[in-house]
Amino acid sequence: MKKTFTINISGSIFHIDDDAYENLQRYLHILNRHFGTAIEGQEILQDIEARISELFIEKTSNKVEVITNTMVEEVIARMGKPEDFLEAGDDDASTKTQPMGESADAGQKMRRRLYRDGDSRVLGGVCSGMGAYFNIDLVILRVIFVLAFFLSAGTAMIVYIVLWIAVPKAKTTAQRLEMKGKEATISNIEKSIKEEMNEVGESYNKFMNSPANEKGQTRIERFGDVVTSVLKVVLRVVVLLFGAALIIGGIASLIAFVTSIAVGHSIMQGGPWNFGWDSDINMTGLLEHFVSPEAYSISLIAISVLVGIPILLILFIGTKLLFRYKTNNKLIGLGTFGLWLVALITLIVVSVNQVGNFGKQSSQTITQKVDCTVCKTLYLETSDDLYESMIDDHISLDRMKIAMVNGKEKMLGHPRFSVEKSSSGEFLLLIKKRARGSSTEDAQKNVEQIEYNFSQKDSTLIFDPYYFLKEKAKWREQEVSMILKVPEGKSIYLGKKMADIIYDIENTENMWDGDMVGNTWIMTADGLALKNEIRMTVK
């Protein structure tokens, strides 16, 4: 019993016994040593393997049959023994092999096979393949086909197409040899491939040395020189225009930058960098309500450097592109970049420090009894709005506004007023003031900067429509909210001007705050309910 192996030759799988495997492996090893170093060696070896695969398929008739040593010796005899193709003095020539039988005659004629010749084709290679098969001059055969096409009214073309589809194309060197009636031996395969490579090399050298190629190269070089010159001119014009645009833009930005500082406004005002703020807003005065004078001055200097240096850089690049001067002083560039980084870090530090002023929150609640023991209805009104014409409508921070009072800017805001049920049987007014700060103590100081007043006249409570921040106080989200505690069975009348300050008053009618004004409401067990009562006004 012999061992068997499964091998892959040129994409085909075969089963081979032990002796045959050793014999075939030794033969392929000799071929690899002989052809492996040549330029065309790999192509020769691939065609040889393809031919060996074809011969094995013929012998096994495409059945699962084990290849024996006898089959291998027959294939080697057809392909050629090593001594048939090894040169004298070759190391492999002295290699001793097992007896391989008689070698095939290199000049032996074999039956031709019809293939389409893809190397000499015009359309499908049918004529060139038939010329090789019948050993007829290719030109004569093509003339015959052309004449037949006209004489047969196109029928010859149909025949040509059928042959194009039916006749296989000669893809390997072995198939091209069969097409010419030559045995696909190792010597013939080697000779055919070398001839093809020589023909390609000669055609290439002939073309490269031809006058037409030299003229073509000269014309291409001249055309390339012209195109290069034109591109250089166009590129130079583009660079000059771009440099001029940078200079104009830089000068315009520099003028706007210097002007904005000279007139005393923030550089964020009146230019493309104002972040959407209205140009009528005095940014300097506005920022003073948020940051300290020291922080404002430092931020202004840092922003000036951050904006000014890029403008100068734009001018520098524009002049360099336009006038093409050279600068090698890296110290100035590094120093300017360092200054810009310092300004950026400074602005970040100041910004973080200012954000820290809102880190903590504090509140203060004052509860005040409303003297309305005898009255059944407490009337709620707001005083006249004396500041409406003084408020800058361009600025609004939540419910806060900025008004110009006696030539000075003053921050004011609408308080929030709501109504709840009293559990003590008395009218109580809770006034809650809230503010933020860098610490709890700082937040409490900011609470004390809030001024808010209200007054009582008989059964009427009169609320100021605004609360104020004291002079030089900074905005720290100050808020004022009021809750009126109404005993069950007691009523309140909401004056129409109260619409400016009431906020989310719950009622049994699910009525919106703005619709509650001008009506009398009574506190019931279920909450505040609408009461049909008309207030009589004495003239």
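Brief remarks on what is shown
- When the test is whether a residue is among the basic types (Lys, Arg) and modelled with pLDDT under 90, LYS485 does not pass it.
- Residue match in the stretch 387-397 (condition: of a type in the set (Ser, Thr, Tyr) and at pLDDT 85 or above): no
- Test result for GLU40, acidic (Asp, Glu) and modelled with pLDDT under 80: yes
- Inspection of the stretch 121-135 identifies at least one residue that is farther than 28 Å from VAL75 by Cα, hydroxyl-bearing (Ser, Thr, Tyr) and at pLDDT 75 or above.
- Selection count where residues are of a type outside the set (A, V, I, L, M) and at pLDDT 85 or above, scope the stretch 231-247: 1
- Qualifying residue in the stretch 167-175 (condition: closer than 30 Å to ILE76 by Cα, in contact with a Leu (Cβ under 8 Å, 6 or more places away or on another chain) and either modelled with pLDDT of 70 or more or surrounded by 11 or more Cβ atoms within 10 Å (Cβ to Cβ) (or both)): yes
- Residue within the stretch 459-467 that is of a type outside the set (Asp, Glu), in contact with a Lys or Arg (Cβ under 6 Å, 6 or more places away or on another chain) and either in a strand (DSSP E or B) or more than 23 Å from TYR387 (Cα to Cα) (or both) present: no
- The residues of the stretch 315-338 that are of a type in the set (A, V, I, L, M) and under 33 Å from the mean Cα position of the chain (by Cα), listed by number, are LEU315, ILE317, LEU321, LEU334.
- When THR365, THR377 are checked against the criterion of being closer than 30 Å to ALA435 by Cα and either modelled with pLDDT of 85 or more or in contact with a His (Cβ under 6 Å, 6 or more places away or on another chain) (or both), a single residue qualifies: THR365.
The values are calculated or read from the model by the stated rules, or taken from the named source; none is laboratory data. If you're wondering where the values come from, they're calculated on a predicted model, not measured in any experiment. When we count neighbours, we look across all protein chains shown, and the Cβ atoms used for this are built from the backbone with ideal geometry, even at glycine.
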